[in-house]
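See below for the structure under consideration.
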Amino acid sequence: MEVTDKEGIERALLDENQRRFNQASGTPFMTSPLYDAVGPLGISNGAQEILAGTFVIPEGTDPYAAKLIKHLKAPARVLQSAPLSVHISTDDHVKGWQRAKERTSPGPSGLHFGHFIAGTRDLWISQFQATMTNFPYATPQRWRFGTDVMFEKKPGNFCVDKLRLILLYKADFNQNNKFLGRAMMRNAELQKLLAPEQYGSRKKMSAIDQCLNKRLAFDLLRQSRCPAAMCSNDARSCYNQIVHSITSL
């Protein structure tokens, strides 16, 4: 079916994204009894029990989900460590925005990246913006809205199921997410929780080095005539099927 009017296009996009982002709705952590115990975000009392290893698996739980739960227990050193600080200082604020790219598209607030980048040149404005940036961590009401944008994966292909959806956050929310991500990575490095083969987003490591490691490993296998295989698995719709509670845990 070909649709060319505005309302028809919007309806087709809404229907497709409704289907796309509900693919995990029938999975164990999104249905009873686990959904009732863990909740949608993995921050409930039940989620804390899973991390502590004291969670009692409810009757009727999917057997594979039950096996997964046992492996979601947090290491003792993590449970005993201090909570991750998400306070953004003026210095953090300035450093973060000085690395930002002005051409990045923001959400619907009317403030774009250039406003915040320019503000870092003045100490008073930087202090004010850093203070304002900390508020939504505690009360995220203002950041509950964004702008959905559909664009082509392949140039010229406008089939609705072949388009990619991105959500444009407000500029300061986008920056806070980057700060939170960096803080989590620093904490993971400190706690030695990252897999040794994970080279992405880590200091003194790069993805291209890991590609070289793979090439050298195969060279060694060939020289020593050892049988081996590698599986490069690109799961279908993997990002669309992420369950937030499991990811959080």
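Which pairs, out of Lys95/Lys204; Lys178/Lys214; Lys101/Lys204, put more than 27 Å between their alpha-carbon atoms? The pairs that break the limit, which is 27 Å between Cα atoms, are Lys178/Lys214.
Each part gets one Cα centre, and for the stretch 161-213 versus the stretch 124-140 those centres are 23 Å apart.
For the chain, adding -39500 (n - 2.57) for each run of n ≥ 4 DSSP H residues and dividing by the number of residues yields -14000 deg cm²/dmol at 222 nm.
Between Ala82 and Tyr239, the modelled label-to-label distance comes to 3.5 nm, taking each label 7 Å out from Cα in the direction of the beta carbon.
Enter the Cα centre distance for the pair the stretch 26-67 and the stretch 89-108, rounded to the nearest angstrom. Spelled out, the Cα-based centre of one part sits 37 Å from the other.
Under Stokes-Einstein, with the Kirkwood radius over Cα pairs standing in for Rh, what whole-number D in µm²/s applies to the chain at 20 °C and 1.002 mPa s?
Rounded, D is 96 µm²/s.
With viscosity 0.890 mPa s and temperature 25 °C, the Kirkwood radius over alpha carbon pairs of the stretch 6-80 converts through Stokes-Einstein to a diffusion coefficient of 171 µm²/s. One compactness figure for the stretch 101-249 is 1.43, namely its Cα radius of gyration divided by 2.2 N^0.38 Å. Highest GNM mean-square fluctuation among Ile69, Ile208, Ile125, for the chain modelled with Cα contacts below 10 Å: Ile208. Sparsely packed loop sites in the stretch 13-65 (the GluC sites (Glu not before Pro) outside DSSP H, G, I, E and B with at most 15 other Cβ atoms within 10 Å) comprise Glu59. Considering only Asp234, Asp91, Asp209, the Gaussian network model of the chain with Cα springs below 10 Å gives its largest mean-square fluctuation to Asp234. Straight Cα distances below 17 angstrom link Lys154 to the lysines Lys162, with same-chain residues fewer than 8 positions distant left out.
Every number here is computed from the coordinates shown, using simple stated rules; none is lab data. Just so it is clear, the structure is predicted and the values come from calculations on it, not from any experiment. No Cβ is skipped: glycine too gets one built from the backbone with ideal geometry, and neighbour counts run over all protein chains shown.
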